[in-house]
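Quick notes on the structure that follows.
The values are calculated or read from the model by the stated rules, or taken from the named source; none is laboratory data. Here the structure is a predicted model, which means the values were calculated and not measured. Using ideal geometry, Cβ is built from the backbone for each residue, glycine included, and neighbour counts are taken over all protein chains shown. Remember, those area values only see protein heavy atoms, side chains included, never the ligands or the DNA or RNA. Shrake-Rupley method; radii C 1.70, N 1.55, O 1.52, S 1.80 Å.
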Amino acid sequence: VLLFALFLFLLYKAWRQRPMQPTGDLKGLYAERSFDPEKMIGKWHEHARIDSWFEPEDMHRVKAEYRHQEDGTIEVINSGYVDGQRKENRGTAWKTPTDGVLKVSFFPFISYQYVVLDAKKDESDKYHTLVVGNPDRSALWLLSREKTCSDEMFHHAIRTAETNRYCADTLREFTRVS
């Protein structure tokens, strides 16, 4: 059992060290040009999403934290509350050769493409608002560093979703203030 665990560990480490592969077809999505993942480091609040199979529908007060790692990847810590209990998932993100596209893995040997559809910067040149989706259009998130979401921010996310042919009618909002 110990040898098998060691084998799996070494296989996982080799997988993490592999050269990045081309990300494939973005299926008509408009990815953010010149996206710099370092400018997204920090804490984020989820204001709206298209529900996906890997995020419970009743999860709320969702936050994401991105931390720079020594190997050049980004540690991803997603957390939220379901039935009053805090839930957390940890993963790793890395930049791909395609502008605006990250690969994210929460499980060994399985990674997903995340496309940054829109990224707004603040006066310090860091991102303060992100609209992120996936190429098959089954998931979309509106994230910002603020705890609440303005009408303007929310409607901009809807326009971004519609421009990229997401079903904006299924975008659930959580923290908008008028």
- Query: In what sequence, largest accessible area first, do Arg86, Arg165 appear using a 1.4 Å probe?
  - Reply: Arg165, Arg86
- Expected field for Tyr30, accessible surface area in Å² at 1.4 Å probe radius, rounded to 10, holds 140 Å²
- Measure off 7 Å from each Cα along the Cα-to-Cβ vector at Ile77 and Ile41, then give the distance between these two points in nanometres to one decimal. 1.5 nm
- Query: With r defined as the distance between the Cβ atoms of Gln69 and Asp122 and R0 fixed at 25 Å, what FRET efficiency is calculated, to the nearest 0.05?
  - Reply: 0.55
- Query: For region 53-178, what % of the accessible area comes from carbon and sulfur atoms, probe 1.4 Å?
  - Reply: 48 percent
- Taking only protein heavy atoms and a 1.4 Å probe, what accessible area per residue, in Å², does region 121-178 have with all protein chains in place? 55 Å²
- Heavy-atom accessible area with a 1.4 angstrom probe orders Ile110, Ile74, most exposed first, as Ile110, Ile74
- Task: Could you rank Asp118, Asp151, Asp83, Asp136 by how accessible they are, 1.4 Å probe, largest area first?
- Result: Asp83, Asp136, Asp151, Asp118
- Task: Could you size up the charge dipole of region 95-149 around its Cα centre, putting +1 on the beta carbon of Lys and Arg and -1 on that of Asp and Glu, and report it in debye to the nearest 20?
- Result: 140 debye
- Give the shape of region 59-178 as rounded, prolate or oblate, defined through the alpha-carbon gyration tensor: a ≥ b ≥ c are the square roots of its eigenvalues, a/c under 1.5 means rounded, and otherwise the shape is prolate if a/b is larger than b/c and oblate if not. rounded
